[in-house]
Amino acid sequence: MTHETSWQLAHNIRRTGHLDIPGGGPVVVQDGYAYVGHMKPPNGTSIIDVRNPEKPEVVAHLEPPDSRSHTHKVRVAGNVMIANVEQDQRHSLRKSAKIAEISRRLEVEPSDVAIIEAANARGFGSGGIRVWDVSDKRSPKLPSYVRTHGFGVHRFDMDSEYAYISTEMEGYVGNILFNYDIRDPSKPIEISRWHMQGQHITAGETPSWCGYGHRLHHAMRCGDELRAAVWHAVVRVLDASDLLRPRVIGSYRFPEAIPEPTHTVMPLEQRIGGRRYAVAVDEEHDHKPGRLRGFLWVLDVTDLSRIEPVAAWDLSERASPWSGNPGTRFGSHQYRERFDSALVYATWFASGLGVLDLADPRMPVEAAHYIPQPGPDGTPPQSNDVDVDEDGTIHLIDRGSGFDILEANL
């Protein structure tokens, strides 16, 4: 699909800086530095000096531990940075457990069967988290490397004392929550874990679902609560006042008509009109023509025993000139993982960044948007994650390639 001038690619936002770097998962900004976890090996984790937005500079790059791993997620608290270690191409390689069935049904290309068989025989022992000391941004040190299990660690949260890790672990189906004490970064200590009923198969539990559809994507620490996005099981709220014994105090599952899985859920930091609201975003993951795309939800969570969706924000495919390109993902993915105002900074595959104003949570209004141009090879934008620094400068990472620094007029 060709570009048409009728599309307004930017509204109340302008680009002030750009870096041509490999695509990334999350971007985290702290004290003038941006931290990017890249999607594919051999690219690992980059530390970028963004103190001059017009001239961002990569000051350090940390490769994955091996060629079969990607370290595409990153979080930072003070001088401690954690990067995940997860098996690259895990969705395809997971089929190795059913290789005979795959061979019969040709669910993968015949040429890939040998690759999958080899991966199954070799196994994967690198999964986990790497805990870095980034007090020297140009020369990070690695105090510890915690191994987990299976395909390793996906997304996670952390603060100066604890890390809240989504990982596979032996005896469970799908990712579960592991909480680590990281006050001594050289010796992270597991203090608790949490899973949904049915995941712990070695304890005799039986899943009520098929495959890996119910699993933890990641849990965000919000005061004395952990807000867990659990994929097609949608939302769980955990009491984290006693982190040694996290327990479910609220849950919600969207109707079966909503096909895309829930990626992230977090509450607004301030009440509005005396009520508590949270925002959930679904990831456009496996879209089938005719079904709903991934979009963003607003939930009334004042009473955790009666969580209720009160609004949604859906972006039309007509909002982007690249939404219809064959093979291009389009739909919601993620938002800035902090709600210190009523503004939600949300990323859309093929449609960039949207800034939503939730001053009235039941009626979201778009305050600004920015859609990047295609990459150097013509690939449509796949805006993946966003963070905003203390000055309001926006940092946007693309899943394929490119890092934009933006200024909003809000």
- Message: Is it the case, given these coordinates, that residue 243 is under 17 Å from residue 156 (Cβ atoms), open to solvent by less than 40 Å² (accessible area, probe 1.4 Å), in contact with a Phe, Trp or Tyr (Cβ under 7 Å, 6 or more places away or on another chain) and not in a loop (DSSP other than H, G, I, E, B)?
- Response: no
- Note on the structure: If you go through 258, 249, the only one that is touching an Asp or Glu at 6+ places or on another chain (Cβ under 8 Å), at pLDDT below 95, open to solvent by less than 70 Å² (accessible area, probe 1.4 Å) and aliphatic (A, V, I, L, M) is 258
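Out of 409, 325, 384, which single residue is among the polar types (S, T, N, Q) and under 17 Å from the mean Cα position of the chain (by Cα)? Don't jump to the end; show me each part of the working.
Values: 409 fails: under 17 Å from the mean Cα position of the chain (by Cα); 325 fails: under 17 Å from the mean Cα position of the chain (by Cα).
Result: 384 is the single residue among 409, 325, 384 that is among the polar types (S, T, N, Q) and under 17 Å from the mean Cα position of the chain (by Cα).
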- From the residues in the stretch 127-164 that are of a type in the set (Asp, Glu) and within 23 Å of residue 221 (Cβ to Cβ), which one is surrounded by the most Cβ atoms within 10 Å (Cβ to Cβ)? 157
- Task: Scan the stretch 175-198 and give yes if some residue there is in contact with a helix residue (DSSP H, G or I) (Cβ under 8 Å, 6 or more places away or on another chain) and either small (Gly, Ala, Ser) or at pLDDT below 95 (or both), otherwise no.
- Result: no
- Task: Go through the stretch 35-80 and count every residue that is among the charged types (D, E, K, R), open to solvent by less than 40 Å² (accessible area, probe 1.4 Å) and part of a strand (DSSP E or B).
- Result: 1
- Counting only residues that are under 17 Å from residue 367 (Cα atoms) and assigned to a helix (DSSP H, G or I), the stretch 306-332 contains a total of 1
- Task: State whether one or more residues within the stretch 188-200 are surrounded by fewer than 16 Cβ atoms within 10 Å (Cβ to Cβ), in contact (Cβ under 8 Å) with a residue 40 or more places away in the chain and of a type in the set (A, V, I, L, M).
- Result: yes
- Going through the stretch 345-388 one residue at a time, which ones are of a type outside the set (Val, Ile, Thr), open to solvent by 30 Å² or more (accessible area, probe 1.4 Å) and either within 19 Å of residue 19 (Cβ to Cβ) or not in a strand (DSSP E or B) (or both)? 359, 360, 362, 363, 373, 374, 376, 377, 378
- Name the residues in the stretch 271-289 that are within 24 Å of the chain's Cα centre (by Cα) and modelled with pLDDT of 95 or more, would you? 276, 277, 278, 279, 280, 281, 282, 283
- Query: Considering only the stretch 294-312, how many residues are in contact with an Asp or Glu (Cβ under 8 Å, 6 or more places away or on another chain) and open to solvent by 50 Å² or more (accessible area, probe 1.4 Å)?
  - Reply: 1
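The values are calculated or read from the model by the stated rules, or taken from the named source; none is laboratory data. All of these numbers come straight from a predicted model, not from anything done at the bench. Don't worry about glycine lacking a Cβ; one is built from the backbone with ideal geometry, like all the others, and counts go over all protein chains shown. Side chains included, ligands, DNA and RNA excluded: accessible areas come from the protein's heavy atoms. Shrake-Rupley method; radii C 1.70, N 1.55, O 1.52, S 1.80 Å.
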